[in-house]
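Structure first, commentary second.
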């Protein structure tokens, strides 16, 4: 089992807007690709940081869906964050092997 996380940080004062965007993005990923994604808010540490978490059978499954998403990003199938919503360069992806 593979666990994929994407963590991002909102700009100061944009916590509510970033949560709305994240919920919209999670819903679109489910509608378009059938992904079941959990949304988490960080307790402690970087204030307002959000993380989307999905589970995949194997690395090939994750790679296939990521390639589809990357190809579709500019086609308006997925909502994109408006400029100034997220701190640039603060997005981080991580791939975990479930033990």
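Just so it is clear, none of the values below were taken in a lab; they were calculated from the coordinates. Keep in mind that this is a model prediction, so the values were computed, not measured. Note that we place each Cβ from the backbone using ideal geometry, even for glycine, and neighbour counts take in every protein chain shown.
Compared with the dominant Cα axis of the chain, that is its longest principal axis, helix 59-72 is turned about 60°. Between residue 33 and residue 6, residue separation times 0.36 nm minus the direct Cα-Cα distance comes to 8.1 nm.
When the Gaussian network model of the chain links Cα atoms closer than 10 Å, the mean-square fluctuations of 28, 71, 41 top out at 71. In units of the rule-of-thumb radius 2.2 N^0.38 Å, segment 2-97 shows an alpha carbon radius of gyration of 1.06.
Sorted ascending by nearby beta carbons within 10 Å, beginning with the fewest, 25, 68, 98 become 98, 68, 25. Segment residue 64..residue 43, full-extension length gain: 4.4 nm, with 0.36 nm per residue of separation and the alpha-carbon distance subtracted.
Can you give the angle from 0 to 90° between the axis of helix 15-33 and the longest principal axis of the chain, with both taken from C-alpha atoms, to the nearest 10? Taking the Cα atoms of the chain, the angle to 15-33 is about 20 degrees. Dividing the summed helix terms, -39500 (n - 2.57) for each DSSP H run of n ≥ 4, by the number of residues in the chain produces a 222 nm estimate of -11000 deg cm²/dmol to the nearest 500.
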